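Peer 1: Attaching a single structure in structure tokens format; questions to follow.
The values are calculated or read from the model by the stated rules, or taken from the named source; none is laboratory data. Quick caveat: nothing in here was measured; it's all calculated off a predicted structure. We place every Cβ from the backbone using ideal geometry, glycine too, and count neighbours over all the protein chains shown. For accessibility, only protein heavy atoms count, side chains too; no ligands or nucleic acids. Shrake-Rupley method; radii C 1.70, N 1.55, O 1.52, S 1.80 Å.
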Amino acid sequence: MYTDLILVYLHALIFVPYTIQQDGARFMPVFDTSTINLTVIQGRTAYLNCTVDYRGEYKVAWLNPENKVLTNVEKRIIDDTRVALPRNSLNDWTLYIREIQHYDEGVYSCSINTDPVQTKKVYLKVLVPARIIDRGTSHDMEEEEGKTVQLICNATGIPTPTVQWFRHIPKTSYEKATKEGKAVVEPGEILLIHNISRYCGGTYECIAFNGVDKADSHQIEVEVIFRPEIELPNRRFSQYLYKETILQCIVRANPIQFLEWQRNGIPIENSMKYRVALNDDYYEIYTKILDLNIHSIQKEDYGNYTCVASNSLGKDKETMLLYEAVELTKPPPSTTKLIPTTKRNKDFPSYEVFENKKRPEKQKNGQSTRGNYRPRSFESIPSCRTHFILFYSAKVLCVIIVLKSCLNVKNFI
């Protein structure tokens, strides 16, 4: 009995919607007309869902935002091969749009020709990842020191992307760096660097991101050029005959197009006598050290040496003097002498200090024969006799105290 009821239910479920008519009217399709909001990232495939149950002989059609028919039943009407209607099941009318673009955005309609017409709307929103457009974006540049530099990063995307600037720190710079070795600067599509210096050069990177897919980045190499600046560690340098010496010249310039040592206006070249070497300064950017090595210095090698550097922006030169070193002589010994005298006491001598080797002669009244000369004496120091009297007085006092103590003990007994 139950088996017969199940068979009747299945027959009504499957065949009646397509074949049975009641009072001359067909069964109406079951159609979900609720609105769908769909967001898709540009370049991916958009799936616009539409489900129709008990369609019968009714027709289903898709319309684009311009109300142009895309599909009629199972046929694609337009020439856009990105659009497809695969029909994975009898009630599935999902529309596929491959490689979706921003211009595909809008309201799509899935309609069935009932009376009245039933429509399901799909609001399609296309997000565009942040991209940096080559047109209008700055590229590698060269600028003179002291000028104002403008860097532009032309970014596009939906929603509008945020542009962040970073500066890669050179290895020879002492600026504070982030974990990635970059110094963060102000955000925005345009970066202005006022009064740019040689220490502001390097690689600048702009990164555009809007939270959609991956961020995009662009690097700009900024080269700061400036005229040469010469520094001499020593403007005067001494060396002994027949010795070897090295003269140094520190040059700061970008670029360095011409650099040499000169003697009397004549360039110095490598030879048995001279050797010129150019070295990098690893502690400062745009800096070179030009060494001049002179072997076995002769008399004629003493004199002025000039360091010269130039580029397209200017020229600079500095001159240093190389002169003969002279050995220093020892100073004469002191002439101060202590002469003993018995001026104060015959038994205990004191001392007087005289600046000359010989003691000045004295007249009978004790005055010096050399003007108002007055000898200096150690008057502030107690004499040896005073020390002797004090010592023995203390000793006698101790003996008296001991004897007195002994008498007191004897009387007590």
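Peer 1: For the modelled label position 7 Å from the Cα of T156 along Cα-to-Cβ, which residues of the stretch 69-103 have backbone nitrogen atoms closer than 12 Å?
Peer 2: Taking a point 7 Å out along Cα→Cβ of T156, the residues of the stretch 69-103 whose backbone N falls under 12 Å are 102-103.
Peer 1: Let me ask something else about it. Could you give the length gained on full extension between I41 and K59, defined as 0.36 nm per residue of separation minus the Cα-Cα distance, in nm?
Peer 2: Full extension from I41 to K59 adds 3.4 nm.
Peer 1: Can you give me the long-range amide H partners of T71? Hydrogens built in the peptide plane at 1.01 Å from N, cutoff under 5 Å, separation of 5 or more residues or another chain.
Peer 2: W62, I77
Peer 1: Could you report the stretch 35-182's accessible area per residue, 1.4 Å probe, as an integer in Å²?
Peer 2: Here the residues of the stretch 35-182 average 59 Å² of exposed surface.
Peer 1: Within 11 Å, Cβ to Cβ, of Y240, how many net charges do the neighbouring residues add up to if Lys/Arg are +1 and Asp/Glu are -1?
Peer 2: Every neighbour counted, the sum reads -2.
Peer 1: May I ask which of K182/K317; K68/K125; K125/K214 have a Cα-Cα span longer than 27 Å here?
Peer 2: Distance filter (> 27 Å) returns K182/K317.
Peer 1: Under the rule of at least 5 residues apart or a separate chain, name every residue whose amide H is placed under 5 Å from the amide H of I133.
Peer 2: Under 5 Å from the amide H of I133 lie the amide H atoms of N154, A155, T156, each far enough along the sequence or on another chain.
Peer 1: Determine the dipole magnitude for the stretch 229-294: charges of +1 sit on the beta-carbon of Lys and Arg, -1 on that of Asp and Glu, nothing else is charged, the reference point is the Cα centre, and the result goes in debye to the nearest 20.
Peer 2: Dipole magnitude for the stretch 229-294 comes out near 340 debye.
Peer 1: If Lys and Arg each add +1 and Asp and Glu each add -1, what is the summed charge of the other residues whose beta carbon sits under 13 Å from the beta carbon of E221?
Peer 2: Result for the neighbourhood of E221: -4.
Peer 1: Working out 0.36 nm times the residue gap between A277 and N195, then minus their Cα-Cα distance, what length gain in nm do you get to one decimal?
Peer 2: Here the segment from A277 to N195 would lengthen by 26.1 nm.
Peer 1: Let me ask something additional. Go ahead and run the numbers for FRET between E74 and R135, Cβ-Cβ distance against an R0 of 51 Å, rounding to 0.05.
Peer 2: Efficiency at R0 = 51 Å is approximately 0.70.
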